[in-house]
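The values are calculated or read from the model by the stated rules, or taken from the named source; none is laboratory data. Bear in mind the structure is a predicted one, so any value in this text is a computation, not a measurement. Reconstructed Cβ throughout: ideal geometry from the backbone, glycine too, with neighbour counts over all protein chains shown. Calculation scope for accessible area: heavy atoms of the full protein, side chains included, ligands and nucleic acids excluded. Shrake-Rupley method; radii C 1.70, N 1.55, O 1.52, S 1.80 Å.
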Amino acid sequence: VVLAETLHEAVNAPKEEREEYYKKIEELEVTIEEITHKTHLELSRNFITPFDREDIHSLIKAIDNVADYMHSAASKMRLYQVEKITKSIRKLTEINLEACQLIAVGIKELNHKSIKETCKKINKLESKADSVFDKAVADIFENENDAKNIIKYKEVLSALESASDKCKSVSNVMEQISVKH
């Protein structure tokens, strides 16, 4: 959730302040990778888990994938020097932030029936992200004349849309876990 919040803050900050956010995103990505690695090591050791090891592994991997795509979007904005942040980019980061907040809620609800409703909300957000992405790409092709800018924006938008797809993957894993338990 912190990475999603930081990315959302970055795209809403003045361009001269974005570098600090990008650095924080880099640090958060490293931390997430370390947590993922440690979790995999712990799962391979002999201890009792609240859910099947495979399910925990799938959940951690799915969450890591969300972080990877959000990090990728931030990296692309930074490397390609995307100065003008479009409404579509802001909207996609907002959708991803909301989905990540729901994932955090869902993880706490894994043993409760309310998980289904939370997963449904995440899936709706992913559909909304698809619509925002499709419209944004159509707008770029219609209104942008500079080929470099077309590529820059398409790459950033694609990474953000993929992050929302990965949020849906997390939702699917949480639903599978809840069905088993």
Within the stretch 111-120, which residues are in a helix (DSSP H, G or I) and either under 25 Å from Thr86 (Cβ atoms) or open to solvent by 100 Å² or more (accessible area, probe 1.4 Å) (or both)? Lys116, Lys120
With in contact (Cβ under 8 Å) with a residue 24 or more places away in the chain and surrounded by 12 or more Cβ atoms within 10 Å (Cβ to Cβ) as the only criterion, which of Ile56, Ile32 stands out? Ile32
So is Leu92 open to solvent by 10 Å² or more (accessible area, probe 1.4 Å), under 18 Å from Ser162 (Cα atoms), under 15 Å from the mean Cα position of the chain (by Cα) and at pLDDT 95 or above or not? no
Of the conditions (1) among the aliphatic types (A, V, I, L, M); (2) within 24 Å of Phe133 (Cβ to Cβ); (3) without any contact (Cβ under 8 Å) to a residue 40 or more places away in the chain, Ala104 clears all except one; give me its number. (3)
Scan the stretch 131-164 for residues that are under 19 Å from the mean Cα position of the chain (by Cα) and surrounded by fewer than 15 Cβ atoms within 10 Å (Cβ to Cβ) and jot them down. Ser131, Asp134
Inspect the stretch 1-10 for any residue being in contact with a Lys or Arg (Cβ under 6 Å, 6 or more places away or on another chain), touching a residue at least 24 places away in the same chain (Cβ under 8 Å) and of a type in the set (Gly, Ala, Ser) and give the result as yes or no. yes
